[in-house]
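What follows is a single structure, written as structure tokens, with notes after it.
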Amino acid sequence: GEHTRRVGRLSAAIAQELGLGPDEVTLIQQVAPLHDVGKIGIPDDILLCPNQLTPEQVQVMRSHTEIGGNLMAGSGIPLLDMAEEIARTHHERWDGSGYPAGLSGKEIPIAGRIVAVADSYDAVTHRRPYKPAWTAEEAWWEIARKAGADFDPDVIDAFTEVLRSTGLNLEAPS
């Protein structure tokens with residue numbers, strides 16, 4: 001549960017740094033925690049696997065984006081519409097190499113682009129059964145170097161400013 005709340009808070013901070021309006025920032029903070037809701041449709045043996053997933057298990061895990069999007073589809077309620085958008089697009093990549101639809105650049109809704117960065121950062125800075133936690137600086141460097149490939153460069157710039165505002169000294173390793 002803490003992961004989802006942290007993703008919501010970081011997503012809102014990035015959205016605010018990007019200059020999104022207060023209503024949109026609030027909406028992103030409220031719905032970003034639902035980014036992985038589709039994982040309710042993923043079997044526990046895959047979700048809780050302590051080892052690297054097989055290619056078949058990876059395909060099942062990737063289906064969480066469609067499951068989550070489908071759960072919230074068609075309501076016409078702004079909160080659920082954005083939750084659907086985020087669930088479907090938070091694993092798309094700026095260069096088109098993501099999933100499920102292979103969207104690229106600004107085809108990916110801004111909320112999905114923001115949550116992709118916040119989710120990635122939180123995932124690597126917290127221990128998981130299959131990996132240790134990275135430092136904030138290590139995580140920033142790895143994510144920042146993927147600007148223009150995995151992530152929207154403007155979102156990375158805003159993310160960097162958010163982290164700097166917390167006192168982190170973010171310099172590229174030599």
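The values are calculated or read from the model by the stated rules, or taken from the named source; none is laboratory data. Keep in mind that what you see is a predicted model, and the values were worked out from it rather than measured. Reconstructed Cβ throughout: ideal geometry from the backbone, glycine too, with neighbour counts over all protein chains shown. Just the protein is used for accessible areas: all its heavy atoms, side chains included, with ligands, DNA and RNA removed. Shrake-Rupley method; radii C 1.70, N 1.55, O 1.52, S 1.80 Å.
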Peptides 148-154, 28-34 ordered by average Cβ neighbours within 10 Å, highest first: 28-34, 148-154
List the lysines whose Cα sits under 29 Å from the Cα of Lys106, skipping any in the same chain fewer than 8 residues away. Lys39, Lys146
Compute the FRET efficiency between Ala149 and Glu107 as 1/(1 + (r/R0)^6), taking r as their Cβ-Cβ distance and R0 = 22 Å, and round to the nearest 0.05. 0.90
Over the stretch 31-84, what percent of the accessible surface lies on carbon and sulfur atoms, probe 1.4 Å? 61 percent
So for the pair Leu71, Glu142, with labels modelled 7 Å out along Cα→Cβ, what separation do we get in nm? 2.6 nm
Mind checking the alpha-carbon convex hull of the chain and giving the volume per residue in Å³? 120 Å³
Which whole-number value in Å² is the accessible area per residue of the stretch 29-174, probe 1.4 Å? 51 Å²
Sequence-separation-based contact order of the stretch 1-155, relative, with Cα cut under 8 Å and 6+ spacing, percent: 21 percent
Per the helix-only calculation at 222 nm, which mean residue ellipticity applies to the chain, given -39500 (n - 2.57) for every DSSP H run of n ≥ 4 and division by its residues, nearest 500 deg cm²/dmol? -16000 deg cm²/dmol
Across the Cα atoms of the stretch 1-43, what radius of gyration and what greatest pairwise Cα-Cα distance (Dmax) are found, in Å? 11.6, 39
